[in-house]
Structures are given as structure tokens and as C-alpha cells.
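The values are calculated or read from the model by the stated rules, or taken from the named source; none is laboratory data. Bear in mind that the values here come from a model prediction, so they are computed numbers and not experimental data. Accessible surface areas use protein heavy atoms only, side chains included; no ligands, DNA or RNA. Shrake-Rupley method; radii C 1.70, N 1.55, O 1.52, S 1.80 Å.
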Amino acid sequence: MSGSVNASVLGSYTLTYNVSDAAGNAATAVTRAVNVVDQTAPVITLLGSDPMSVEGGLPSAIQAPPLVTALKAISVPASSSVAVSIAPCWAAIP
């Protein structure tokens, strides 16, 4: 077998299998594609107490603390790029 799979890095890998018998007759090589994929959902964590109270009527220039964070840990090949966007979530306070 030639090729390898790094299960810690997302991507497509190719493994090639081949064999010869004692007489030197080689089999026809076969390949298998292996895709390492991410199927784990991100984790959302509430920050602060639940329920949370925030001061109403704050000027728009003053920002209240974020209410949640989202976390996702993955590895990608150096030749790839990953766009990550985490925006604060704000509750509508009547």
C-alpha cells in the first residue's frame, strides 16, 4: 500500500494497493479515495447568568458584553483556507 491518511486534517487522500506473487506476477493496482470530513457541530456557550439582565437605554456607542460564544476546532491543510465569522448576538429589549 502507498499513501497515507491524516485523520486530524480535513481533506481528500488517495491510497494505492498493489501486490505481486512469488513468481513476480503483479496484480493490477487499485486505488481508494478517503475523505476526512467534519461532521461535528460547533459548541455554543452562554456567557453570564441565565436569565441575564442588561441595562436598558444605553447609548449606541456603548456595547453590552456578548451573550454567547461559538467554538469549532478543526485542522485544514496549509494550502486551504477557512473563513470564520463570529458575530455577537444581542437580545431585543423592549
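Side notes on the structure shown:
Here's the yes/no breakdown for (1) under 15 Å from the mean Cα position of the chain (by Cα); (2) open to solvent by 70 Å² or more (accessible area, probe 1.4 Å); (3) at pLDDT below 65:
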residue: Gly3; (1), (2), (3): no, no, no
residue: Val37; (1), (2), (3): yes, yes, no
residue: Asp50; (1), (2), (3): no, yes, no
residue: Ser75; (1), (2), (3): yes, no, yes
residue: Val84; (1), (2), (3): yes, yes, yes
residue: Pro94; (1), (2), (3): no, yes, yes
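- Candidates Leu10, Leu58, Leu15, Leu46: the one that is modelled with pLDDT under 80 and open to solvent by less than 100 Å² (accessible area, probe 1.4 Å) is Leu58.
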